[in-house]
Amino acid sequence: AQTVTQSQPEMSVQEAETVTLSCTYDTSENNYYLFWYKQPPSRQMILVIRQEAYKQQNATENRFSVNFQKAAKSFSLKISDSQLGDTAMYFCAFRDANFGNEKLTFGTGTRLTIIP
Amino acid sequence: ETGVTQTPRHLVMGMTNKKSLKCEQHLGHNAMYWYKQSAKKPLELMFVYNFKEQTENNSVPSRFSPECPNSSHLFLHLHTLQPEDSALYLCASSTRDRGLSGELFFGEGSRLTVL
């Protein structure tokens, strides 16, 4: 069974600074997808960024980027030029790429607070 | 209306009540999910439906009864719940197609309190 571990329950950073959230996972699969989801205080979870395991290039979405280390099974999220609207819970999630297996396995989340 | 909508947003019920949570998706997806979110725990997958057929029941107690009448609607019927069932219940949908990453689109959740 896959597991996802987020070792930082809470983090805070000054506005405009850069912050990195860590995530590690355990799997015996070779093909899979990794995701970072954001859940603001209003509660709706939205996708921040995704990474396909077969791609060596790290995914980027504007101020959000990942550091994907497949051998180390590490998938960290970097937020650059942090903004007040980045305050939220962040969840790392894993899904293997086998067709028919739609189950996403989530970590326990990191509560990120951006300080004005 | 777009996205995934859940009703009610808040629900308080006694242990002997019967209530239902409703989820509707307007994204044309063919898979729908119920997740339970409790404080300081990972999201727990409860049920998965693909094309209206239940494909996963993650050892959920029978006091939770899902219903999926079509690909756009998903219900969670609640009966004789326990206080430990108090949580945020999240509905999600996705496209189940080969080669796609299958990310989930979530509703805002239904906050359930069992007295």
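The values are calculated or read from the model by the stated rules, or taken from the named source; none is laboratory data. Bear in mind the structure is a predicted one, so any value in this text is a computation, not a measurement. Glycine also receives a Cβ, built like all others from the backbone with ideal geometry; neighbour counts cover every protein chain displayed. Please note that ligands, DNA and RNA were not included when accessible areas were found on the heavy atoms of the full protein model with its side chains. Shrake-Rupley method; radii C 1.70, N 1.55, O 1.52, S 1.80 Å.
Quick notes on this structure:
- The count of lysine pairs in the protein assembly as shown that are at least 8 places apart or cross chains, and whose C-alpha atoms lie under 15 Å apart, stands at 6.
- Summed side-chain charge close to A:M89 - residues other than A:M89 whose Cβ falls under 12 Å, Lys, Arg +1, Asp, Glu -1: +2
- GNM remark for chain B: springs join alpha carbons under 10 Å apart, and the peak mean-square fluctuation among B:M15, B:M46, B:M32 falls on B:M15.
- Cysteines of the protein assembly as shown lacking any other cysteine Cβ under 4.7 Å from their own Cβ: B:C68.
- The listed residues B:H10, B:H26, B:H73 rank as B:H10, B:H26, B:H73 when sorted by accessible area, largest first, using a 1.4 Å probe.
- In the context of the full protein assembly, B:F105 retains an accessible surface of approximately 90 Å², using a probe radius of 1.4 Å and ignoring ligands and nucleic acids.
- When accessible surface is computed with a 1.4 Å probe, chains A and B are found to bury approximately 2100 Å² between them, both chains counted.
- Over all projection directions, the Cα-based convex hull of region B:1-53 averages an area of 5.1 nm².
- Net +/- balance of residues flanking B:F64 in space, Cβ distance below 15 Å, scoring K and R +1, D and E -1: 0
- Antiparallel %, DSSP beta bridges [both residues in chain A], to 5: 85
- In this structure A:I46 has an accessible area near 80 Å², from a 1.4 Å probe over the protein heavy atoms.
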